[in-house]
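Here the structure is laid out as structure tokens; the discussion comes afterwards.
The values are calculated or read from the model by the stated rules, or taken from the named source; none is laboratory data. Fair warning: this is a prediction, and the values are worked out from it, not measured in the lab. For neighbour counting, all protein chains shown are included, and Cβ atoms are generated from backbone atoms with ideal geometry for every residue, glycine included.
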Amino acid sequence: MAPPTSPSEARPLAVGRRAGTGDDAAGLGRARAAAFVAPALVLVAVFLVFPAVWTLYLGATDYRLTGIAASDPKFVGADNYRDVLGDGGFHHSLWLTLQFVLGSAVVGQTVLGFAIAWVMRDRTGPLRRLVEGLVLLAWILPSSVIAFLWIALLDRDDGTLNALLGTPGTAWLLDHPMACIVVFNVWRGTAFSMMLYGAALGNVPPSHLETARLAGASTWQTLRDAVFPRVRGHVLTSLLLVSLWTFNDFTPFLITAGGPDRRSEVLSVYVYRTALGDGRLGFGAAVALVMILVNLVIALLYLRALRGRKEAAA
Amino acid sequence: MNETVREALRRIGLATFVSAVLGFFALPLLWLAFAPFDANPGITASLPEFTLHNFKVLMDNPYALASLRNSVLLAAGTAALVVACAALAAYALSRVRIPGRDVLLYLLLLLSSIITGTAAMVPVFLLAFNLHLIDSRAGVVLVLTGGLLPAAIFLLKDFTDGTPVSYEEAARVFGASPLQILRHVVAPVIRPGLATVAVWTVAQVWGDFLMPFLLLRNPDKAPASVIMYTFYTEGGQPDLALISTFSLLYSLPVVVMYLFVSRRYGFRFHGGIKR
């Protein structure tokens, strides 16, 4: 339940393929096999599946963190869902989330990641290691450390950015909170796209690129005609994955906490504030259900794209 | 002539792009590199007047080292539980035809990607509350394990599928019992897979902020991610000597793990070490 968990892109799921040998080489037997699977299933059932199902019920109650409704929550049916869908704060947050996902993941990380992978494709040596190392560092460092680094970078009085640009006193996080977390997330997550497209570009036959070069094709034409058809499957699946992760990312909370004045309150932060900040657990659960549904749509598309890619490869 | 101009422009464009990328990614990290060793650490990144005094400030803080210990406890506990449960499940699912196996795997994968920490924080909080797991490290370990297990089972099952069954068959011919085969034949063969999952789990838990932030109340139990956050959000002027050294110490294990993994496996498993 920690950060979004998803299987690796390079070794995707075994669903749809004949899994293993299935002939029980060690003579385990079905009963013992079931006993082996049981502990994992119990943990997943209690701490992953049950909370999700419970969200459905909680969203239909007036459960609160404190007060009367905390000890004796009432069933209120679809009221919360109606409230959520009619809530201006929710619409606002949904709109910000859309900007966040489209701006930072779909456009930012994908374009920058691809561009870096493209430029570095046939380079070796220290420059490539330096670039890749820095991009990866941004990705692997703990989020609370990264968050402070960005707060320091964008600080109004002594921030490095203001010192560099010669714009002392510009309060980036107060004046442009959304732009800040979008740029931040591009910085944070580009590594995944870079590595994925790096691997995908390795699958483009060098002869195709050579032919394009000899034919005098421009970079753009080469990308469009020789490269893109080869990496299309990767683009689709990685777009869905980074969208899913960005949609569920809680790191904006560490930088702006949704502020100022809720101007950077993406859905993950909105759920936190309504449910645990304001104590409206029922309402928060209703918002959470909306999030789960969005996740479900993205995940189903992802699994379908993955299967399509496998069939295309077979 | 035209060709040379175009080639020159291309090179200039390329160099500009690479420098911009380098600048963009290095800029926020500069502070982390310099401030810990600066005698007067400020918010602005600047070349330090070298000192190690800041690390003494770190040692004197009652929460700093304790929180790193808590992070180790959470990461090690979760990794042990995830590896043990995932290994058993993955092996059984890989080798034995259990009815409904493919559906089960598909559902696990789907659920683990749609039920994320942010989407499930409300019920997880209430669940922990009702099970008296609030302010308990074991509670955090259990919740994190539940979330990480499906992906871990997948990684390991894939790995087990790729290992030959001939060793197991041979051992069986020589009269080894199933459990002996598991311990002495299967475990050594899938050890690299187990190590991968362990490293992956530790990296996930080490950086996780949301679950311990939600479920732990007592600052004595909080891991480094949460303590780091309180250092710069709670109370007055942030102590930059403390924050900078703590950030560095807290980040180092992840970097070391990454170097270890990339050296050992060439960082082939995308999305592996994180997420």
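Of the conditions (1) part of a helix (DSSP H, G or I); (2) at pLDDT below 90; (3) farther than 22 Å from B:Ala138 by Cα, B:Ile273 satisfies every one except a single condition; which number is it?
Every listed condition holds for B:Ile273 apart from (1).
Return the residue satisfying two criteria in turn: it lies in segment B:146-203 and is without any contact (Cβ under 8 Å) to a residue 24 or more places away in the chain and touching a Phe, Trp or Tyr at 6+ places or on another chain (Cβ under 7 Å), and of such residues it is farthest from B:Leu107 (Cα to Cα).
Looking at residues that are without any contact (Cβ under 8 Å) to a residue 24 or more places away in the chain and touching a Phe, Trp or Tyr at 6+ places or on another chain (Cβ under 7 Å), I get B:Val185.
Mind counting the residues in segment B:3-15 that are surrounded by 10 or more Cβ atoms within 10 Å (Cβ to Cβ) and within 11 Å of chain A (Cβ to nearest Cβ)?
Final tally of qualifying residues: 5.
For B:Leu52, state whether it is loosely packed, with under 11 Cβ neighbours inside 10 Å, under 29 Å from the mean Cα position of the chain (by Cα) and touching a residue at least 12 places away in the same chain (Cβ under 8 Å).
yes
Among the candidates B:Leu68, B:Leu74, B:Leu29, which residue alone is outside the structural domain of B:Ser244 (by TED's automatic domain parsing), modelled with pLDDT of 90 or more, in a helix (DSSP H, G or I) and in contact with a helix residue (DSSP H, G or I) (Cβ under 9 Å, 6 or more places away or on another chain)?
Going through B:Leu68, B:Leu74, B:Leu29 in turn, just one is outside the structural domain of B:Ser244 (by TED's automatic domain parsing), modelled with pLDDT of 90 or more, in a helix (DSSP H, G or I) and in contact with a helix residue (DSSP H, G or I) (Cβ under 9 Å, 6 or more places away or on another chain): B:Leu29.
For B:Ala79, indicate whether it is at the interface with chain A (Cβ under 9 Å from one of its Cβ atoms) and closer than 30 Å to B:Leu179 by Cβ.
no
Looking at A:Gly259, A:Gly279 in this structure, which one is surrounded by fewer than 19 Cβ atoms within 10 Å (Cβ to Cβ) and either under 30 Å from A:Ala152 (Cβ atoms) or of a type in the set (Ser, Thr, Tyr) (or both)?
Going through A:Gly259, A:Gly279 in turn, the sole match is A:Gly259.
Output the residue which, of all residues in segment B:200-213 that are modelled with pLDDT under 90 and out of contact with any Pro (no Cβ under 7 Å at 6 or more places or on another chain), is nearest to the other protein chains (Cβ to nearest Cβ).
Top of the filtered list is B:Ala203.
Which residues, counting only those in segment A:38-89, are part of a loop (DSSP other than H, G, I, E, B) and closer than 24 Å to B:Leu214 by Cα?
Those that are part of a loop (DSSP other than H, G, I, E, B) and closer than 24 Å to B:Leu214 by Cα: A:Gly59, A:Ala60, A:Asp62, A:Tyr63, A:Arg64, A:Leu65, A:Thr66, A:Gly67, A:Asp72, A:Pro73.
So which residues in segment A:173-198 are modelled with pLDDT under 90 and surrounded by fewer than 16 Cβ atoms within 10 Å (Cβ to Cβ)?
Selection gives A:Leu174, A:Asp175.
Looking only at helices (runs of 4 or more DSSP H) that lie completely in segment A:246-313, which have at least 3 residues being touching a Leu at 6+ places or on another chain (Cβ under 9 Å) and more than 10 Å from chain B (Cβ to nearest Cβ)?
A:281-313
Quick check, is A:Leu154 surrounded by fewer than 16 Cβ atoms within 10 Å (Cβ to Cβ) and more than 30 Å from B:Ser262 (Cβ to Cβ)?
no
Please identify the pairs in which a residue from segment B:95-110 that is within 7 Å of another protein chain (Cβ to nearest Cβ) and part of a loop (DSSP other than H, G, I, E, B) has its Cβ atom under 6 Å from the Cβ atom of a residue that is surrounded by 15 or more Cβ atoms within 10 Å (Cβ to Cβ) and hydrophobic (A, V, I, L, M, F, W, C), counting only partners at least 6 apart or on another chain.
B:Val96/A:Leu28; B:Val96/A:Ala33; B:Ile98/A:Ala33
Which residues, counting only those in segment B:157-176, are surrounded by 13 or more Cβ atoms within 10 Å (Cβ to Cβ) and assigned to a helix (DSSP H, G or I)?
Of everything in segment B:157-176, those that are surrounded by 13 or more Cβ atoms within 10 Å (Cβ to Cβ) and assigned to a helix (DSSP H, G or I) turn out to be B:Lys157, B:Asp158, B:Phe159, B:Thr160, B:Asp161, B:Tyr167, B:Glu168, B:Glu169, B:Ala170, B:Ala171, B:Arg172.
Six or more apart or on different chains, Cβ atoms under 8 Å: show the pairs whose first residue is in segment B:228-246 and modelled with pLDDT of 85 or more and whose second is of a type in the set (Asp, Glu) and in a helix (DSSP H, G or I).
Pairs that qualify, where the first residue is modelled with pLDDT of 85 or more and the partner is of a type in the set (Asp, Glu) and in a helix (DSSP H, G or I): there are none.
Looking only at segment B:219-251, filter to residues that are at the interface with chain A (Cβ under 9 Å from one of its Cβ atoms) and aliphatic (A, V, I, L, M); which one of those is surrounded by the most Cβ atoms within 10 Å (Cβ to Cβ)?
B:Ala224
Taking A:Ser268, is it out of contact with any strand residue (DSSP E or B) (no Cβ under 6 Å at 6 or more places or on another chain), buried (at least 23 other Cβ atoms within 10 Å of the Cβ), among the small types (Gly, Ala, Ser) and under 22 Å from A:Cys180 (Cβ atoms)?
yes
Quick one: count up the residues across segment B:111-126 that are among the polar types (S, T, N, Q), within 20 Å of A:Leu303 (Cα to Cα) and not in a helix (DSSP H, G or I).
Qualifying residue count, segment B:111-126: 1.
Within the set of pairs 6 or more residues apart or between chains, which connect a residue that is in contact (Cβ under 8 Å) with a residue 12 or more places away in the chain inside segment B:73-86 to a residue that is among the aromatic types (Phe, Trp, Tyr) with Cβ atoms less than 7 Å apart?
Close Cβ pairs (under 7 Å, with a partner that is among the aromatic types (Phe, Trp, Tyr)) amount to B:Ala75/B:Trp206.
Scanning for something of a type in the set (S, T, N, Q) and more than 10 Å from chain A (Cβ to nearest Cβ), does segment B:154-174 turn up at least one residue?
Among the residues of segment B:154-174, not one is of a type in the set (S, T, N, Q) and more than 10 Å from chain A (Cβ to nearest Cβ), which makes the answer no.
Please report, ordered by residue number, the helices (runs of 4 or more DSSP H) entirely within segment A:147-230 with at least 1 residues that are away from chain B (no Cβ under 13 Å).
A:172-175, A:177-201, A:206-214, A:219-222
Can you name the residue in segment A:139-172 that is polar (S, T, N, Q) and at pLDDT below 90 and, of all such residues, is nearest to A:Trp118 (Cα to Cα)?
Looking at the filtered set, the residue picked out is A:Thr160.
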